[in-house]
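Please read the structure below before turning to the comments.
The values are calculated or read from the model by the stated rules, or taken from the named source; none is laboratory data. Here the structure is a predicted model, which means the values were calculated and not measured. Cβ sites come from the backbone with ideal geometry, for glycine too, and all protein chains shown count toward neighbours. In case anyone asks, the SASA skips ligands and DNA or RNA and just uses the protein heavy atoms, side chains included. Shrake-Rupley method; radii C 1.70, N 1.55, O 1.52, S 1.80 Å.
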Amino acid sequence: MIIVLILIVLVLLLRAIQVYKFLKLISRFCYIYDRNYINEHGDEDISIILDYTKEKYHLTAEWSAYNWMFFKGPNPYLMVFLLKPLTVEMQYGKKAMSKLKKYHVFEDYKWEKENK
């Protein structure tokens with residue numbers, strides 16, 4: 001009985017570490033997305049740059065990836081317990097994948113990682 005309990009705790013601990021690393025990756029994706037979004041739309045719409053210069057812009061700006069991936073995204077506690085694969089597509093859906101691909105987030109992340 002104790003061995004089973006220890007195994008369950010270990011599995012949950014390992015999963016929590018995986019979720020933590022996944023959320024750090026998502027945070028990096030959000031940073032890249034916001035940077036690329038501002039680069040593309042900042043000249044056209046000055047309100048985007050004004051939003052970005054505000055402290056804690058990601059709490060109110062609808063365009064910010066932090067807003068729609070963290071605050072309106074899946075609950076991190078559920079990520080631990082549901083045991084779904086930790087991929088952007090599985091956790092956030094195809095809509096989020098297409099938004100991230102539109103602003104070249106995955107390519108920029110790969111480039112940053114290679115040139116670090």
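For segment 27-41, a tally of residues being polar (S, T, N, Q) and free of Cβ contacts under 8 Å to residues at least 60 places away in the same chain returns 2. Taking first residues from segment 1-26 that are touching a residue at least 60 places away in the same chain (Cβ under 8 Å) and partners that are open to solvent by less than 90 Å² (accessible area, probe 1.4 Å) and in a helix (DSSP H, G or I), the Cβ contacts under 7 Å between residues at least 6 apart in sequence or on separate chains come to L12/V80; R15/V80; A16/V80; V19/P76; V19/M79; V19/V80; I26/M69. Per this entry, I46 is counted among residues that are open to solvent by 100 Å² or more (accessible area, probe 1.4 Å) and at pLDDT below 85.
The set of residues in segment 82-116 that are hydrophobic (A, V, I, L, M, F, W, C), open to solvent by 70 Å² or more (accessible area, probe 1.4 Å) and touching a residue at least 40 places away in the same chain (Cβ under 8 Å) contains only L83.
Looking across segment 10-31, the residues that are under 9 Å from the mean Cα position of the chain (by Cα) and of a type outside the set (S, T, Y) come down to F22, L23, K24, L25, I26, R28, F29, C30. The single condition among (1) aromatic (F, W, Y); (2) open to solvent by 100 Å² or more (accessible area, probe 1.4 Å); (3) at pLDDT 90 or above that Y33 does not satisfy is (2).
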